[in-house]
1. So which aspartates and glutamates pass the test for Lys132, namely a Cα distance under 12 Å, with those fewer than 8 places away in the same chain ruled out?
2. Compute the normalised compactness of the range 77-168: alpha-carbon radius of gyration over 2.2 N^0.38 Å, N being the residue count.
3. Can you sort Glu348, Glu228 from fewest to most other Cβ atoms within 10 Å of each residue's own Cβ?
4. Please work out the Cα center distance from the range 39-94 to the range 315-363, rounded to the nearest Å.
5. Cα axis of helix 134-145 to longest principal axis of the chain: angle in degrees, 0 to 90, nearest 10?
6. Relative to the Cα centre, what is the charge dipole magnitude of the chain, using +1 at the beta carbon of each Lys and Arg, -1 at the beta carbon of each Asp and Glu, and rounding to the nearest 20 debye?
7. Take the alpha carbon atoms of the range 159-258, find their radius of gyration, then divide it by 2.2 N^0.38 Å using N residues; give the quotient.
8. Viscosity 0.890 mPa s, temperature 25 °C: what is the translational diffusion coefficient of the chain from Stokes-Einstein with a Kirkwood Rh over Cα pairs, rounded to a whole number of µm²/s?
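Quick note: the coordinates plus some simple rules give every number you see, no bench work behind them. It should be emphasised that the depicted structure is a prediction, and the values quoted were computed from it without experimental measurement. We place every Cβ from the backbone using ideal geometry, glycine too, and count neighbours over all the protein chains shown.
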Amino acid sequence: MQSTIGVIGPAGSGKTTLAAAVAATVGRLRAWAPFNWADPASYASDVVTGRVQPACCILVLSAADGVTREAEEHVRLAREAGIPQVVVFVNKADLLDDPELRDVTREEVRELLRRHGYARARMPVVFGSALKDEASVEELVAAVDGLPAPARDVDGPFLMSAQDVFAVSRHGAGVVPWVKDLLGPLGPGTLVVGCIERGVAVPGQYVEIVGSVPARTARILGLVQPHERLERAGAGTHVGVLLDAGPQAGLAWGQVLAEPGSVTAHTAFEGLVSFMTAEECDRPLVFPSTGTRVGQFHIRTESLSGNVTGLRRDGVDVENAAAGVHSVTVRLARPVALEEGLRFSVREGGQAVGSGVVTAILP
Ligand SMILES: Nc1nc2c(ncn2[C@@H]2O[C@H](COP(=O)(O)OP(=O)(O)OP(=O)(O)O)[C@@H](O)[C@H]2O)c(=O)[nH]1
Ligand SMILES: [Mg+2]
């Protein structure tokens, strides 16, 4: 499987040189795609919009500078955008290599990672030179390879967002004939159609309905794909899930079916939004002095309005959303199943104006 490795770090620390050295080192061996972000704004917007989804990032520091404010900002962005792991390469050790300084830098780096929630028992910090020390680049590649594999989607708790909902009676009309033939005998119930986002569904399993209605539990009676019944369906599968829930369950598209207790519904969150340029979206995004603006939010299969407040760019309050990454506070019109790291898009007047990621759930 090809993995994208993001290369981040302060200006001039050696990202371009390292990306080239890594590509040369792993080119023969592994399907790695080092992705070098020269400027943190494009890095943040690529990651926030999901255009690039690195499995991990290599943070390149210069041995002469150690941990700087710029480095701190890169790690903060990586965390906010949901990059699961960071490995640090302290570059240019050929220019400055003092064993005592190494120990100090290693501790500073680990402290930096801990501050931003990258706390693990083993945090590899590799010292070396992208230009002059091939062995150190190999050591870095080995450190990245040694990271725990990210949990595959099929291993996570089951979650599927409802795209469509149909009532299925034992004999009644309302559903296409093949569905009735396959599921009628199992019914009555409610058929929820969607794509499984993570985990696995099997008949007999209990799921929780989470979203605009109070959460409630239902049992899976059967699973269907066109013209066939399934005994099991995993992440990435488009499937119809027949639940033993009647109309009183209030099932509707936009809600999710989830492993009970694994996700809850909320109305408010903090997030990062990457707004498009005025040319891309054809309108300036002006926030009135009340600081509130209504946008249309698309979250999984749900679409609803929300108030946007607290628009900030680089930590400073702003009234106009220019192109680029902003932090925002959003209050939605009704509860939606939310999780940190969940992506969404923002529209106005039917037109996409930005996309974002949930960074924190608010009470
Ligand atoms: N001595 C030494 N110089 C290095 C090393 N790695 C990179 N350099 C030099 O440092 C300078 C900056 O390297 P780049 O790879 O362009 O750094 P960058 O992080 O991509 O820089 P920006 O894209 O401008 O942010 C170049 O002149 C490199 O040749 C190293 O390990 N040792
Ligand atoms: Mg560069």
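1. Leaving aside aspartates and glutamates fewer than 8 places away in the same chain, those within reach of Lys132 are Asp94.
2. 1.59
3. By the 10 Å Cβ count, ascending: Glu228, Glu348.
4. Their Cα centres are 22 Å away from one another.
5. So the inclination is approximately 20 degrees.
6. Rounded to the nearest 20 debye, it is 1100 debye.
7. 0.95
8. For these conditions, the coefficient is 108 µm²/s.
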